[in-house]
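Input: a single structure, listed below in C-alpha cells.
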C-alpha cells in the first residue's frame, strides 16, 4: 500500500478510537478471552506457538534491549510474547490486539489491511505504545492467514531492521509449518534474503559488497551470515557455499 494511503487508514483508525471514546490512558486491553476459550485457542495453535518460541530467542539477542516479539492468532488474540529482559509490559495471552481493545496499533492495522503495517510511536492511539516502533506482518500458509507477528523496539537505531527481521521470522515460521520434505525447506530453512546472501558469497563478494548490493545494514548481513553458518553447520563462507552447492540450495 502506498505511504499516503496507509497514513490515511491510520488516521481513520485514530478517529474511530476517539469516536468510541477509548481512553488513551488505558494500560490494559479492553477485550480479552476467557480462560476456557484461551485454552482452546492455544491448543489449536500449539505448533505455531512452538515454532515461534524456538525461533525468537536468537532474534531477541540480535535486536538487543527494548525489544518485543508478539504472536497472535488470525483474530488478533495474543498467543505468545517474546521480550528482552529489560521490558515490562502488562500484556498476556488472551489479550486482543483489535482496534476496539488496544486502539490503533500495528497488528490491528495489519489485520485491517491483511498485509504489513509499520507504525511510528506517535501513530499509536494508546499512550503506553507511544515509545514503540512496530512492524506487523501476517503469517500465511497455503494462502491462508494463520496469525500475525509484530516486531517492536524502543531503539530508534533498530527501526530500520524491523522489516528485515519480521520478514525473516515469518518466512522461517511458515516454511517449518508447511512440513514440506524438500531439503531446502526443512533441512536448511533459509529465507529468501539468506539465499541471496549465500549466492553473493558464492560469487566471492565481500561483506561490504553484499551490504551495498542488498541495500542492508552491516549488522543485518552479519546476522544473516550467522544463521546461514548455523543452518549449514559451517564455520566459514567456503564451507557454507560448498554445502549449499552439495544439496542444491544455490
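We did not get these values from a lab; they are worked out from the coordinates using the rules stated. Here the structure is a predicted model, which means the values were calculated and not measured. Backbone-built Cβ (ideal geometry, glycine too); neighbour counts: all protein chains shown.
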At 10 °C and 1.306 mPa s, the Stokes-Einstein diffusion coefficient in µm²/s for the stretch 101-250, with hydrodynamic radius from the Kirkwood sum on alpha carbon pairs, is 95
By Cβ neighbour count within 10 Å, fewest first, 32, 53 rank 53, 32
Longest principal axis of the chain (C-alpha) makes with the long axis of helix 237-246 (C-alpha) an angle, in degrees to the nearest 10, of 90
The residues 109, 158, 28, sorted from fewest to most surrounding Cβ atoms within 10 Å, come out as 28, 158, 109
For residue 57 and residue 144, extending 7 Å from Cα along the Cα-Cβ vector and measuring point to point gives, in nm, a value of 3.1
Note: the chain at 20 °C, 1.002 mPa s; Kirkwood Rh on alpha carbon pairs; Stokes-Einstein D in µm²/s works out to 112
In degrees rounded to 10, the 0-90 angle between helix 192-202 Cα long axis and the longest Cα principal axis of the chain is 20
Placing each pseudo-label 7 Å from Cα in the direction of the beta carbon, residue 207 and residue 128 end up separated by a distance in nanometres of 3.9
Longest principal axis of the chain (C-alpha) makes with the long axis of helix 218-231 (C-alpha) an angle, in degrees to the nearest 10, of 70
Under the 7 Å Cα-to-Cβ spin-label approximation, residue 215 and residue 88 lie apart by a distance in nanometres of 4.1
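For 59, 247, what ranking results if the residue with the fewest other Cβ atoms within 10 Å of its Cβ goes first?
Details: 59 19, 247 12.
The fewest-first ordering by Cβ neighbours comes to 247, 59.
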